[in-house]
Amino acid sequence: LGSVVSVQEQQKIINVAHRGASGHAPENTMAAYQKAFEMKADYIEIDVQMSQDGELVIIHDNTVDRTTNGTGTVGEMTFEELRQLDAGSWFSEDYAGEKILTFGEVLDAFRGKIGILIELKSPELYPGVEEKVAEELIKRNLHKPNNEKVVIQSFNHKSMQKSKELLPSLPHGVIAGPSWANVTEEQLAEFATYADYFNPNMNIVTHEMVDDVHEAGMKIYPYTSRSQEQALRLFDLNVDGIVTDYTEHVYYHPVKNH
Ligand code: G3P
Ligand code: CA
């Protein structure tokens with residue numbers, strides 16, 4: 001096609017702010033989500049787990065050690081204990097006082113303003129987490145097809161099958177770690193019976209994989225780009241979206257060259 005390509009043919013890549021704009025602010029906090037919104041990302045990606053007393057909380061690791069000033073296992077702490085922690089200082093003193101959020105708080109603050117890519121993190125540790133997530137969405141009327149972009153994904157594919165049954169109108173995604181490098185067309189077809197997205201580790205993405213995922217009727221949002229070079233490689237591979245810590249790396253929409 002060369003250089004004469006109209007604007008309509010330009011690629012629109014979906015910009016997903018991984019744990020919020022986590023390159024700029026402490027991951028999974030209000031500050032990181034607000035920053036992603038200000039930077040005009042298409043989605044914030046959030047990690048949902050459950051406290052000992054059954055509150056849905058937003059944190060990536062199974063312990064609070066890395067991203068707060070406390071220590072302990074998320075599922076063994078009450079919400080009150082989790083809420084007392086400082087989830088910002090570890091990143092920079094500028095963010096002292098950021099709190100661990102509830103799932104409901106994130107939905108209420110950002111629904112309709114920015115897409116929300118909900119990851120069920122280690123759902124096998126939290127029996128009933130799919131039902132609780134569904135409850136929060138249904139309560140807010142977010143379970144029906146509408147303009148508010150909400151997608152649910154997990155590394156735990158059984159959990160996604162279950163969630164799809166609870167929320168049949170919402171799009172779901174399977175996240176695929178490095179061991180899925182040789183995913184077959186048959187496996188993709190099976191995922192496509194309940195999933196709309198196949199979201200792999202960026203290091204295993206090839207042209208062939210992207211084509212196969214599209215062939216199966218799904219979209220592909222690889223994770224996690226942390227440099228401009230990595231984002232450019234994914235653009236070239238014709239992915240549909242990029243999960244990145246640096247929203248600014250995904251503004252550039254190159255022209256499709258095929
Ligand atoms: O979008 C997928 C990505 O968030 C999965 O990796 O470990 O950062 O949750 P992780
Ligand atoms: Ca995640």
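Is there any pair linking a residue in segment 48-63 that is hydroxyl-bearing (Ser, Thr, Tyr) to one that is modelled with pLDDT of 95 or more and part of a loop (DSSP other than H, G, I, E, B), with Cβ under 8 Å and at least six apart or on different chains, and which? Taking only residues 6 or more apart or on different chains, the pairs are Ser51/Met77; Ser51/Thr78; Thr63/Thr71; Thr63/Gly72.
As for segment 81-97, it holds no residue that is within 14 Å of ligand 2 (Cβ to nearest atom) and surrounded by 18 or more Cβ atoms within 10 Å (Cβ to Cβ).
A quick yes/no check of all residues on (1) crowded, with 19+ Cβ neighbours inside 10 Å; (2) within 16 Å of ligand 2 (Cβ to nearest atom); (3) not in a strand (DSSP E or B):
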position	(1), (2), (3)
Glu131	no, no, yes
Glu135	no, no, yes
His143	no, no, yes
Glu148	no, no, yes
Val151	yes, yes, no
Leu170	yes, no, yes
Val174	yes, yes, no
Gln187	no, no, yes
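Consider Ala216 carefully, then state whether it is among the small types (Gly, Ala, Ser) and in contact with a helix residue (DSSP H, G or I) (Cβ under 8 Å, 6 or more places away or on another chain). Here the answer is yes, as Ala216 does meet what is asked. Scanning segment 187-214 for residues that are of a type in the set (Val, Ile, Thr) and within 19 Å of Ile242 (Cβ to Cβ) yields Ile204, Val205, Thr206, Val210, Val213. Specify the residue that is surrounded by the most Cβ atoms within 10 Å (Cβ to Cβ); the eligible residues are those in segment 211-258 that are modelled with pLDDT of 95 or more and among the basic types (Lys, Arg). Across segment 211-258, the extreme among qualifying residues is Lys219.
The values are calculated or read from the model by the stated rules, or taken from the named source; none is laboratory data. What you are looking at is a predicted structure, and each value in this text was computed from that prediction instead of being measured. Every residue, glycine as well, gets a Cβ built from its backbone with ideal geometry; the counts of neighbours run over all protein chains shown.
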